[in-house]
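Reading through the structure tokens given below for one structure.
What follows draws every value from the coordinates through simple rules; no lab data is involved. All figures in this text were calculated on a predicted structure; none of them were measured in a lab. Counting neighbours? That spans all protein chains shown, and the Cβs are built from the backbone with ideal geometry, glycine included.
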Amino acid sequence: MTLLRLAMAVLGRHALLLALVLLFGASSVAARRGGVAPPRRRQQAVDVGVILDRSTWVGNTSWTCIELALEDFYADASHAGYRTRLKLHLRDTGPGAVEAASAGIDLLKNVRVQAIVGPQSSTQAKFLAELGNKSSVPIISFSANSPSRSGQTPYFIRTAWNDSSQAEAIAALVQKHSWREVIPVFEDDNSNTRFIPDLVDALRQVDTHVSYRCKIHPSATEDDIKSAISTLKHNWTSVFVVRMSHTLARKFFKLAKYEGMMGRGFVWIIAYGLTDIFDVAGSPALDVMQGVLGVKPHVEHTMELQNLSQRWRKKYQLENPGIAVSMPAVYGLYAYDTIWALALAAEKAGYVNSDFGVSVTNNGSTDFDRIDTSKAAEKLRGSLLGIKFMGMSGNFCIADMQLVSVNYKIINIIGRERRVVGFWTPGSGISGSLNVKADLGTIVWPGYNETVPGYTETVPRGWLLPMNKILEIGVPVKPGFDEFVKFENGKPKGFCIDVFEAVVNTLSYNVPCHYKPFADEKGNSKGTYDDLVYSVYRKEYDVVVGDITILANRSLYVDFTLPYTESGVRMLVPVRDQRQKTAWTFLNPLTADLWLGFGAFFVFTGFVVWCIEHRTNKDFRGPPGSQIGSIFYFSFSTLVFAHREKILNNLSRIAVVVWLFVVLILQQSYTASLSSILTVEQLQPTITNLEEVIRNGSYVGYLNDSFLPVLLKRLKIDESKMIPLDSPEHYNEALTSGKVAVIVDEIPYLKVFLKQYCHNYTMVGPTYKLDGFGYAFPRGSPLTPDISREILKFASDDRMIKMQKELYGDTSCLDKDDSQTSSSLALHSFQGLFIITGASSMLALLLHAVVTIYNNRHEFNSDSSQSSWRRWPAILSKLFHGDDNPCNTPDKDEPTPENVDDAMESQLSIPNHIIEHLADRDTGSPPEGEGTPGRELSVQGKEPLSFAYMHSERGHNGVASLTRNGSSIRRRQISME
């Protein structure tokens with residue numbers, strides 16, 4: 001029984017062994033024939049090589065993520081029926097590119113992998129990309145920084161975000177804070193060959209200038225790093241973008257802090273790759289990088305990511321005891337998603353024979369020449385490029401041979417925290433929130449001090465004075481006009497120096513200054529002002545302070561601040577008194593046209609008043625000569641308000657009132673002008689314009705060592721007629737002696753000159769526009785806009801007004817000009833008054849005519865036997881002369897009229913047509929019937945007249961007669977109808 005059992009056991013073992021042999025044999029045959037194993041059979045292996053440097057943080061953490069990805073993928077229930085399974089072949093190569101290339105050849109030649117994952121650095125990826133191109137095997141990197149070179153190496157695929165998008169995020173952060181200059185600080189290796197140009201281009205798009213690039217070699221010593229930092233210290237820019245490896249970054253920031261460059265006013269922005277340094281170095285990195293900003297890909301914290309982080313942390317700490325890490329870096333998530341994508345691609349491509357095709361160079365002399373091509377790997381590459389899924393790092397989608405970038409987050413190092421202060425998205429740019437447009441969170445800048453209130457809100461301006469830098473200030477040296485700038489006991493003084501120091505003292509930062517005269521060993525000026533300005537361009541001085549005029553040709557070499565003085569060029573000429581008085585000086589207050597206009601309105605107003613008053617007012621009746629005299633006498637008597645004629649008509653009263661108002665204003669203006677002419681000093685310039693100088697061939701003076709000769713030549717002044725002068729005393733001497741006829745100079749100099757020689761000279765002619773005095777700084781100096789802003793504030797301050805008063809003295813003297821000479825009053829100044837009085841008088845005259853015609857319309861229409869055109873003379877005559885009116889009868893005390901017609905009219909008060917009949921010298925018919933008793937009329941200067949009237953029996957007709965001494969003088973038959 002025992003033997004039987006033993007035999008059966010032996011047979012059982014052989015039967016089991018036989019079954020296994022038959023199973024493996026069938027699988028082998030099926031594989032060689034290219035067939036697909038039944039679902040229940042074993043999954044086919046797809047060989048994938050992995051090249052990492054396990055001694056580095058990226059390599060070590062990424063390998064853990066790769067292992068977890070492989071476990072998680074095939075543990076997923078949805079992948080249980082897959083016919084393929086990735087088989088990983090790890091090669092720990094170290095950092096060298098040669099070792100990585102050697103490992104790649106080994107994997108391709110001996111293992112015959114269908115894909116290679118993980119060349120960490122760009123240098124390694126460059127070599128392996130060539131291998132992949134030769135063998136048609138995809139080389140997949142999740143950490144190499146260089147962008148894909150799809151045109152030359154179509155088999156090199158980056159499963160990480162493009163660095164160009166990171167450059168755009170950094171540029172947007174710079175633009176947000178209005179920083180105008182940035183210095184990239186980067187490791188001099190292949191990882192930055194494309195990133196730095198992309199960064200410079202992105203900064204240029206936001207108008208930010210890269211003035212300097214600081215490169216540090218990967219093997220740089222401490223002295224090399226100190227030298228690079230020293231160069232940065234002597235640069236004005238204080239905004240730096242850092243891109244380097246973790247090892248080099250720890251050394252760099254430690255030395256930067258030691259050199260004082262991690263303090264207030266500095267800005268440090270680290271690119272992604274370096275933002276993971278806090279996971280690698282921990283506390284040492286945090287201690288030396290306080291206030292640093294960083295850009296990092298944004299990954300959503302999902303439940304899947306939290307579970308992965310927990311399992312990764314346990315696995316990593318088990319393999320690397322003593323290292324405490326919270327979660328994998330983004331590079332690790334890229335590695336995780338890469339394995340998933342390869343697994344999906346392998347299944348999508350289907351199981352294909354992994355044998356390599358025959359190479360045409362199979363008999364080459366080197367291993368590189370013996371590498372064969374793989375059609376299976378080429379098919380795997382095609383499938384990988386079309387894979388899309390939601391991975392741990394976000395949406396996995398390959399375009400242009402690299403992973404499509406999405407969003408970045410901005411982190412700020414505060415104490416032991418890496419606080420997220422904002423985000424960058426391709427569509428919305430910088431924002432404090434990912435989904436809503438908002439301001440960035442509070443940023444703590446380098447040099448944070450909790451004892452300084454509100455310091456965290458102070459944004460650095462983007463530049464600083466170089467450490468231990470003292471501004472070398474060039475100051476001009478000249479013999480004249482010491483009021484602006486001069487050296488006294490080795491120190492500069494003057495208006496220009498005072499303004500500069502007052503402005504600099506108002507800045508929010510300290511600016512150490514050292515003044516140096518622009519002079520030779522003997523103390524004389526080393527050249528012109530143009531030479532002084534050009535010395536700033538040659539970097540002999542950091543700034544020029546003095547009476548430097550802002551000119552276009554000078555601005556080609558330097559940047560000027562805004563002007564702090566009045567601008568422009570004018571002429572300085574002597575003046576002479578024009579107070580010569582003549583017998584006709586009283587006519588000077590009014591111009592000829594005003595005199596004529598005044599006289600015309602005198603006559604016109606008198607004529608209007610006569611026309612209105614003549615019909616009813618005895619003061620305006622009489623012989624023609626008397627009436628003309630009344631018109632002129634009345635008009636001119638109103639000039640002194642001495643008219644005695646009675647004004648009876650309201651219309652004429654209105655015209656006279658308006659006229660008297662005009663007369664009052666003209667009288668007062670005449671009196672004031674005449675007083676000015678007789679008493680005010682009438683100083684007139686000897687020359688009023690440069691055309692007169694050119695025409696006379698006179699000499700022109702100008703300030704020595706200035707730009708004025710160029711201006712004078714442009715104004716057509718002969719160079720032989722130009723004489724340089726040095727000081728106000730020379731100006732006075734040249735003008736007094738007649739050496740020059742005029743002096744052309746800038747207004748500030750002329751004002752200083754007139755402060756001393758006020759009464760003998762004046763500024764005349766047009767002002768030739770210039771920009772005034774300014775301070776010259778090197779091109780692009782960040783001090784220029786700050787000084788300009790402070791000049792604007794200071795110009796409106798009382799201190800500037802006080803300093804100008806001390807410089808220019810009495811302003812009333814400075815304002816004396818030829819334009820202030822007393823001049824005659826012109827007609828255009830009184831046009832409004834004349835229009836008012838003329839319109840009033842004309843309206844009164846028209847209303848008078850209308851009212852008179854309307855009141856006498858029956859009388860004007862009584863004689864209808866005559867044609868209308870013959871009736872108009874009579875109508876006009878009646879309009880002006882009218883009839884006798886009781887109001888015109890003289891009183892008893894009044895003298896008798898001087899003529900017969902007036903006597904008859906005043907004694908009898910009979911209608912005017914009777915007077916007209918009596919005035920006729922024809923005798924007419926003898927009187928009939930009874931008459932009125934004779935009345936004796938006394939006529940001045942003649943014998944008395946007797947008047948008698950005898951009416952007819954019918955009572956309607958009669959005869960009126962005048963007699964003197966019994967002799968009939970005039971007799972006329974009249975009708976009483």
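Laid out as a table, the results:
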{"quantity": "Charge context of residue 342, other residues only, Cβ under 12 angstrom, K/R +1, D/E -1", "calculated": "+1"}
{"quantity": "FRET efficiency, residue 846 to residue 212 (Cβ-Cβ, R0 60 Å, nearest 0.05)", "calculated": "0.10"}
{"quantity": "Per-residue Cβ neighbour rank within 10 angstrom, fewest leading, 770, 792, 648", "calculated": "792, 648, 770"}
{"quantity": "Cβ-Cβ FRET estimate between residue 801 and residue 736, R0 fixed at 30 Å, reported to 0.05", "calculated": "0.35"}
{"quantity": "Candidate lysines for bridging to residue 87, where Cα separation is under 28 Å - those fewer than 8 sequence places away on the same chain excluded", "calculated": "109, 126, 134, 314, 315, 348, 375, 379, 388"}
{"quantity": "Estimated FRET transfer efficiency when R0 is 25 angstrom, pair residue 792-residue 769 (beta carbons, to 0.05)", "calculated": "0.80"}
{"quantity": "Net charge, residue 179 excluded, C-beta distance under 14 Å - Lys, Arg +1, Asp, Glu -1", "calculated": "+2"}
{"quantity": "Spatial separation of Cα centroids for the range 237-264 and the range 479-516, in angstrom", "calculated": "37 Å"}
{"quantity": "Qualifying trypsin sites (Lys or Arg not before Pro) for the range 740-780 [loop in DSSP, other Cβ within 10 Å: at most 10]", "calculated": "769"}
{"quantity": "Cα-projected label distance for residue 489 with residue 397, points at 7 Å along beta-carbon direction, nm", "calculated": "7.8 nm"}
{"quantity": "Projected label distance in nm at residue 669 and residue 436, using a 7 Å step from Cα toward the beta-carbon", "calculated": "7.1 nm"}
{"quantity": "Order of 556, 333 under a 10 Å beta carbon neighbour criterion, fewest first", "calculated": "556, 333"}
{"quantity": "Charge tally in the Cβ shell below 11 Å around residue 772, where Lys, Arg are +1 and Asp, Glu are -1, residue 772 excluded", "calculated": "-3"}
{"quantity": "The range 94-211: C-alpha gyration tensor shape, a/c 1.5 cut-off, then a/b vs b/c", "calculated": "prolate"}
{"quantity": "Ranking of 411, 116 by count of other Cβ atoms within 10 Å, fewest first", "calculated": "411, 116"}
{"quantity": "Residues of type lysines that residue 721 reaches as a straight line, Cα spacing below 25 Å, ignoring anything fewer than 8 places off in the same chain", "calculated": "478, 713, 739, 751, 769"}
